[in-house]
Amino acid sequence: MADQREIFNLGKRLPPLFCSRLSDRTKIEDDNNVKNLINSKILLNKELKEILFSILDYTKQLNGLIEVATTEKMVPYRIYDLIRKKLRGLPFYVFRWLRYRRKKGEIRKLSARDKELILKVEKIVNTALLKQIKSQSDKIQNLLSDFEYKHKITLGILYSQTMFICPNCSRILSIGKFKKVTCRCGKKIIDIQKIKEVSVFKFNDNMGSFIEKGMWLEHGINYLLKRKNLETKCGVLVLGHSGIEHEIDNIAFNKKENFLIFGECKIAEVGVNHIFVFHGKMLDVGCNKGYIFTTFPLPMKEIKQFARSKNISIIDSVLDKKEKDLLKEIRIS
């Protein structure tokens, strides 16, 4: 769903653009952690890109472990392997409980001794899950802090989440806010001072979307265009003459020089179809100059020639080039 449309005035010599923004995108870009990343002005740093995707992967693993620890999902094999030695000699039904964790209806009626045994195993499992969750969080913090130290920069891009842990069985009782509850182990939790708090650091959902959807590249290019003394818009819907709204990654213009360009950002190889689609957007809106920015190497010579025939320039390998060289490739005259 798009936000309310606004008129983007380009000056006396250029027709105005009728623009709007997707509300989902606005929500992502209004997130404080995302804003901090955008304001860092180093989004085209190749090392940073690799770190962002590594942290995103660790975050997904961390979230998966938290889901297992707080729901009835099966215990992952990697957790089972970590605690295998501690489970030697246990009855078969305990292993069955461990594999299908909370489906206790499938386990025979338990005696008091069996219940005590299950509680012991549950504590082992909960402790192992908690250790792995903390390990993923530590990896994330180490990755980011190493980069910050190397580049002498501070990036406030991580989301802190506090988990409240049962002192009896190490189960995660609640996340983000303390709640008075009775744990599955039977322990009544009524005092926050008597339980353990563990904080983990990761990406929130908005940051994850910002990275996965390639918005980081669009904002990196947007910064470059501003360095060319151009006014810019990033990630907007523009109304074409056909009545169709087109998503344009980058808009840049100079009112005095009667200059307007559209930019398209690709985290992939550029093909003929990409050029056709982008050129169609340009024609429908009324822009005669375009740039395609890609993180991949130079496409085939024929593709670049075809793009040039449509007044589209392809700037390749943007993460492997110095900023000053990229600026030279963006010509505004």
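The values are calculated or read from the model by the stated rules, or taken from the named source; none is laboratory data. This is a predicted model, so every value here is computed, not measured. Ideal geometry is used to build each Cβ from the backbone, glycine not excepted, and the neighbour counts take in all protein chains shown.
Of the conditions (1) among the charged types (D, E, K, R); (2) touching a residue at least 12 places away in the same chain (Cβ under 8 Å); (3) within 30 Å of ASP284 (Cα to Cα), ASP30 fails just one. Which one is it?
Every listed condition holds for ASP30 apart from (2).
Just one of the numbered conditions (1) farther than 30 Å from SER20 by Cβ; (2) assigned to a loop (DSSP other than H, G, I, E, B); (3) not hydroxyl-bearing (Ser, Thr, Tyr) is not true of VAL318; which one?
(1)
Tell me, which residue of the range 290-325 that is crowded, with 16+ Cβ neighbours inside 10 Å, touching a Leu at 6+ places or on another chain (Cβ under 8 Å) and free of Cβ contacts under 8 Å to residues at least 40 places away in the same chain is farthest from LEU237 (Cα to Cα)?
It comes out as LYS304.
If I ask for residues that are farther than 20 Å from MET163 by Cβ and assigned to a loop (DSSP other than H, G, I, E, B), which ones from the range 53-82 would you list?
Across the range 53-82, the qualifying residue is only MET74.
Name the single residue that is farthest from LEU217 (Cα to Cα) among those in the range 247-294 being of a type in the set (Gly, Ala, Ser) and out of contact with any Lys or Arg (no Cβ under 8 Å at 6 or more places or on another chain).
To start, the set of residues in the range 247-294 that are of a type in the set (Gly, Ala, Ser) comprises 252, 263, 268, 271, 280, 286, 290.
Narrowing further to those that are out of contact with any Lys or Arg (no Cβ under 8 Å at 6 or more places or on another chain): 263, 268, 271, 280, 286.
Details: GLY263: 11, ALA268: 12, GLY271: 19, GLY280: 22, GLY286: 24 Å.
Only one residue fits best here, namely GLY286.
Out of the range 139-167, which residues are out of contact with any Phe, Trp or Tyr (no Cβ under 9 Å at 6 or more places or on another chain) and in a helix (DSSP H, G or I)?
ASN142, SER145, ASP146, PHE147, GLU148, TYR149, LYS150, HIS151
Condition first: surrounded by 13 or more Cβ atoms within 10 Å (Cβ to Cβ), in a loop (DSSP other than H, G, I, E, B) and more than 13 Å from the chain's Cα centre (by Cα). Now tell me which residues in the range 22-52 satisfy that.
SER40, LYS41, ILE42, LEU43, LEU44, ASN45
In the range 287-295, is there at least one residue being assigned to a loop (DSSP other than H, G, I, E, B) and on the phi > 0 side of the Ramachandran plot?
Of the range 287-295, the ones assigned to a loop (DSSP other than H, G, I, E, B) are 287-289, 295.
Filter again for on the phi > 0 side of the Ramachandran plot, leaving none.
Within the range 287-295, none of the residues are assigned to a loop (DSSP other than H, G, I, E, B) and on the phi > 0 side of the Ramachandran plot.
Here is a list: ILE195, ILE190. Which entry is modelled with pLDDT under 95, in the same structural domain as LEU82 (by TED's automatic domain parsing) and either farther than 29 Å from ILE55 by Cβ or among the hydroxyl-bearing types (Ser, Thr, Tyr) (or both)? Talk me through it step by step, then tell me what you get.
Working: ILE195 fails: either farther than 29 Å from ILE55 by Cβ or among the hydroxyl-bearing types (Ser, Thr, Tyr) (or both).
Of the residues listed, the single one that is modelled with pLDDT under 95, in the same structural domain as LEU82 (by TED's automatic domain parsing) and either farther than 29 Å from ILE55 by Cβ or among the hydroxyl-bearing types (Ser, Thr, Tyr) (or both) is ILE190.
Would you mention how many residues in the range 10-21 are closer than 20 Å to LEU230 by Cα and assigned to a loop (DSSP other than H, G, I, E, B)?
Qualifying residue count for the region: 7.
Just to be sure, is GLY243 assigned by TED's automatic domain parsing to the domain that holds PHE306 and at pLDDT 95 or above?
no
Answer yes or no as to whether ASN229 is outside the structural domain of SER54 (by TED's automatic domain parsing), on the phi > 0 side of the Ramachandran plot and either free of Cβ contacts under 8 Å to residues at least 40 places away in the same chain or not charged (D, E, K, R) (or both).
So ASN229 fits the description; yes.
Can you confirm whether the range 137-151 contains a residue that is among the basic types (Lys, Arg) and modelled with pLDDT under 95?
From the range 137-151, those among the basic types (Lys, Arg) are 139, 150; that's our starting set.
Cutting the leftovers down to modelled with pLDDT under 95 gives us none.
Scanning the range 137-151 turns up no residue that is among the basic types (Lys, Arg) and modelled with pLDDT under 95.
Contact list please: Cβ distance under 9 Å, first residue in the range 64-92 and more than 13 Å from LEU129 (Cβ to Cβ), second residue of a type outside the set (Lys, Arg) and part of a loop (DSSP other than H, G, I, E, B), pairs at least six apart or on different chains.
GLU72/TYR100
Of the residues that sit in the range 1-20 and are in contact with an Asp or Glu (Cβ under 8 Å, 6 or more places away or on another chain) and at pLDDT below 75, which one is surrounded by the most Cβ atoms within 10 Å (Cβ to Cβ)?
ALA2
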